[in-house]
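Structure record follows, encoded as C-alpha cells.
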Amino acid sequence: MNYSSAFIPTLREVPADAVIASHRLMFRAGMIRKLANGLFAYLPMGLRAFRKVEQIVREEMDAIGALEMKPPVVQPGEVWKESGRWEAMGEAMLRVKNRLDNDFVITPTAEEAFTAIVRDELSSYRQLPLSLYQINTKYRDEIRPRYGVMRGREFVMKDAYSWHRDDESLDKTYQAMGRAYRKIFKRCGLTVIPVKADSGAMGGSGSEEFMVESEIGDNTLILCKDCDYAANVEKAGCKPDFTARSPEESVAAAANTPLFEKIDTPNVKTIDELCTFLNNSPTNFIKTLIYRAINIEDESAPVPEKFFAVTIRGDLDVNETKLAALVKAAEVELAADSDVVRLTNALVGFAGPVGLKTLPIIVDHTVTAITDGITGALAKDLHYRHVAYGRDFTGSVIGDIRTVKAGDLCPLCGGELYEKKGNELGHIFKLGYKYTRSMNVSYLDENGKSQIPTMGSYGIGVDRTLASVIEEHHDEAGIIWPVSVAPWHVIIVPIKYEGEVKVAADELAAVLEKSGIEVLLDDRNERPGVKFNDADLTGIPWRVVVGEKGLALPRPQVEIKHRREKENRTVELDRAADELLLLYNTEVNMLL
C-alpha cells in the first residue's frame with residue numbers, strides 16, 4: 001500500500017474531549033472520527049487494526065469448537081419480554097416500533113436472540129453440547145459515553161453462548177472459554193487480570209471478568225499481595241475479622257451484657273459523630289440503612305417487600321451488588337428520606353433494628369459478632385447501647401454484604417489486599433437455566449424425557465480491546481503496535497521517492513509483501529521529519545529508511561528501527577527483507 005493512496009488523515013492537535021491516550025491517539029493517527037456523541041466511524045487504517053483483533057478472536061473461538069453465526073442486530077421485543085429483561089434492562093436499551101406498531105430492540109446483548117434460535121432447532125440430547133458465537137454490532141444508550149471507543153454507544157462484541165445437558169458439561173466449556181480468552185489477550189499483546197465477578201443482570205451461578213489496569217477504569221479490583229486472588233470489588237470477599245455466630249450463640253455470648261437502654265445523643269447522627277460523642281469505636285456500632293429493591297426477580301426472593309432494612313458493622317460499607325444478589329433484585333438503592341421517616345417513624349440517622357417491626361431486616365455477618373453494640377433507637381436524638389444480636393433483634397436474611405477494601409485480608413491466604421482500577425475487556429458467565437427456563441427451551445434425553453438445558457454466555461468487547469492495546473502500548477510520540485494487531489507491519493520511508501531510492505524502496509516492498517509482510521510505503525512528497533513523525537504516531541512496528549547516502553555505499557544499506565527502540569541500525573539492502581522477516585516471526589512467536 002502506498003501512503004499517497006491511503007486515507008490516513010493524521011492530526012497534530014488533540015481533540016478537546018479526548019482525555020485518555022487511546023482516544024487521543026486514535027483520532028490523531030487517523031483511525032477514527034466521531035459522527036455523534038458515542039458514535040464513531042473507523043477509517044481505513046483503524047479498521048485494519050480492528051480486523052486484526054477480530055480475526056484473533058475468531059481463530060481462538062474456532063479452535064475450541066465454537067461455531068460462528070450472525071443474527072440480526074434488530075430483534076423482536078417479544079423475546080425480551082419472554083426472558084423478563086424488557087423492563088429490567090432499563091433506558092440503556094434502545095426500543096423502537098416498526099410501521100405495524102410492533103416492538104423491536106436494537107440489541108444491547110444477544111442471549112435472547114440466540115436462545116430463541118436454539119429453542120426452535122434443539123430437539124435431542126445428541127445435539128448437545130452446542131456452542132455458537134457472533135462478532136456483531138450492539139447498541140447501548142449510555143447516559144455519558146466517554147473515552148472514545150472505550151465506552152461508546154455503538155460497539156462490536158464477540159458473544160458466544162453454549163447449551164449443555166448438565167453442570168459438568170457447562171464447566172468444561174466455561175473453562176475452555178477462559179483459556180481461549182487468555183490466549184486472545186496475550187496474542188493482542190495485552191496484560192489482563194482475570195477476576196471473580198458478579199453476574200449482575202446476566203444472572204447465573206458464576207462469572208469471571210478479564211480486566212486491564214487503567215487509571216480511568218470503571219471497575220475497582222481487589223488483589224492479594226501474596227497470592228493470585230483477584231476479584232471485582234462487587235464480588236470480592238475477605239478473611240473474616242470477627243467470629244460469626246448464630247442467634248443462639250449470640251444470646252449465650254451476651255449473657256454478661258446489660259440489657260439495652262436508651263441514651264440521649266442530641267444532634268448526633270453519623271458514625272463518626274457518635275464515636276466522638278460516646279468515645280467508642282465504630283466496630284461497636286450497628287449501622288442501619290433503609291433500602292428499596294428494584295425489580296425483584298422471583299417470588300422465592302427472601303425479601304418480597306419493596307423496602308427493607310440493612311444492618312452492618314459501623315466501620316464498613318454496604319456492597320450494593322452483593323445486597324441485590326442476596327435479595328434477588330435487579331438492583332437496590334437507598335430509600336428516599338421521606339420513605340425512611342414513613343417506614344421507621346424516625347429521622348434519617350436514627351434507624352435501628354431493635355423494635356423495628358415494619359420492615360424485614362438483612363443482617364451482615366459482621367453484626368452477628370456484636371454483643372454489646374450501639375445503634376439507632378428509632379427516635380430523634382436517641383440511640384440504644386448494650387445491644388446484642390440474637391437477644392435484642394434478629395434478621396430475615398444473614399449474608400456477606402460488606403464492601404471489601406484495601407488493607408482487608410485475603411480469603412485464600414490471609415495476605416493483605418490492595419486495590420487497582422481496571423476496565424473490563426471480557427466476561428464469561430455460567431447462566432444456568434435463567435434463559436432456557438424462562439424461554440421454554442427443552443430437548444429429549446436418551447429416555448425420551450423432556451429436559452431443560454443449562455447455558456453459558458461469553459463476551460469480549462472488540463473495540464475496547466483495540467483501545468486497550470493502545471492504552472498499554474504507546475509513548476509521547478504515538479502508538480506502539482504489537483505486531484499481531486498492527487495495521488501494517490513495516491513502513492518504508494524513502495528520503496526522496498525518486499530515482500534509485502524509488503527503485504530500491506519499491507523492490508524491498510515487493511519482496512516483503514511476497515513473504516507475507518504487510519507494507520506501507522511512504523511515497524509522499526513530504527519532508528523526512530514529517531514522515532518520521534507520522535510513522536511514530538501511527539505506530540507501525542518497523543520503520544525502514546531508504547536514502548541516497550546509504551545506497552551509494554559499496555554495499556548499499558538501509559536503516560531499520562523498531563518503534564519501541566530509540567536508535568536506528570544499518571542493514572545491507574540485500575539482507576533487509578530476510579532480517580525483517582526474522583524480526584517479524586520472532587515477535588509473532590512471542591505473542592503466541
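Report whether or not ILE106 is in contact (Cβ under 8 Å) with a residue 60 or more places away in the chain and either buried (at least 16 other Cβ atoms within 10 Å of the Cβ) or hydrophobic (A, V, I, L, M, F, W, C) (or both).
no
If I ask for residues that are of a type outside the set (Ser, Thr, Tyr), out of contact with any Asp or Glu (no Cβ under 6 Å at 6 or more places or on another chain) and in a helix (DSSP H, G or I), which ones from the range 531-548 would you list?
Listed by number, the residues that qualify are PHE532, ASN533, ASP534, ALA535, ASP536, LEU537, GLU548.
Scan the range 150-188 residue by residue and report those that are among the hydrophobic types (A, V, I, L, M, F, W, C) and modelled with pLDDT of 95 or more.
Matches in the range 150-188: PHE155, VAL156, MET157, ALA160, TRP163, LEU170, ALA176, MET177, ALA180, ILE184, PHE185, CYS188.
So which residues in the range 66-84 are in a helix (DSSP H, G or I), open to solvent by less than 50 Å² (accessible area, probe 1.4 Å) and not β-branched (Val, Ile, Thr)?
Listed by number, the residues that qualify are GLY77, TRP80, SER83.
Just to confirm my filter: which strands (runs of 3 or more DSSP E) fall fully inside the range 352-397 and include at least 1 residues that are under 40 Å from the mean Cα position of the chain (by Cα) and within 17 Å of GLY314 (Cα to Cα)?
361-364, 373-376
I'd like to verify a number: residues in the range 33-45 that are surrounded by fewer than 23 Cβ atoms within 10 Å (Cβ to Cβ) and either touching a His at 6+ places or on another chain (Cβ under 8 Å) or within 25 Å of GLY426 (Cβ to Cβ) (or both), how many?
Result for the range 33-45: 4.
Might you check whether a residue that is within 29 Å of TYR174 (Cβ to Cβ) and in contact with a Cys (Cβ under 8 Å, 6 or more places away or on another chain) occurs anywhere in the range 446-465?
There is at least one residue in the range 446-465 that is within 29 Å of TYR174 (Cβ to Cβ) and in contact with a Cys (Cβ under 8 Å, 6 or more places away or on another chain).
For the range 12-25, give me the residue count where each residue is surrounded by 14 or more Cβ atoms within 10 Å (Cβ to Cβ) and closer than 13 Å to ASP534 by Cα.
Adding up the residues that qualify gives 1.
Assuming GLU112 fulfils every condition listed in (1) in a helix (DSSP H, G or I); (2) within 30 Å of LEU592 (Cβ to Cβ); (3) not hydroxyl-bearing (Ser, Thr, Tyr) apart from one, which condition is it?
The one condition GLU112 does not meet is (2).
Of the conditions (1) over 30 Å from ALA197 (Cβ atoms); (2) out of contact with any Asp or Glu (no Cβ under 7 Å at 6 or more places or on another chain), GLY314 satisfies every one except a single condition; which number is it?
Condition not satisfied by GLY314: (1).
Looking at ALA505, is it over 38 Å from the mean Cα position of the chain (by Cα) and either part of a loop (DSSP other than H, G, I, E, B) or crowded, with 19+ Cβ neighbours inside 10 Å (or both)?
Taking the combined requirement at face value, the residue satisfies it.
The values are calculated or read from the model by the stated rules, or taken from the named source; none is laboratory data. A quick note: this is a predicted structure, and the numbers were derived from the prediction, not measured. Reconstructed Cβ throughout: ideal geometry from the backbone, glycine too, with neighbour counts over all protein chains shown. All accessible areas refer to the heavy atoms of the entire protein, side chains included, with ligands and DNA or RNA removed. Shrake-Rupley method; radii C 1.70, N 1.55, O 1.52, S 1.80 Å.
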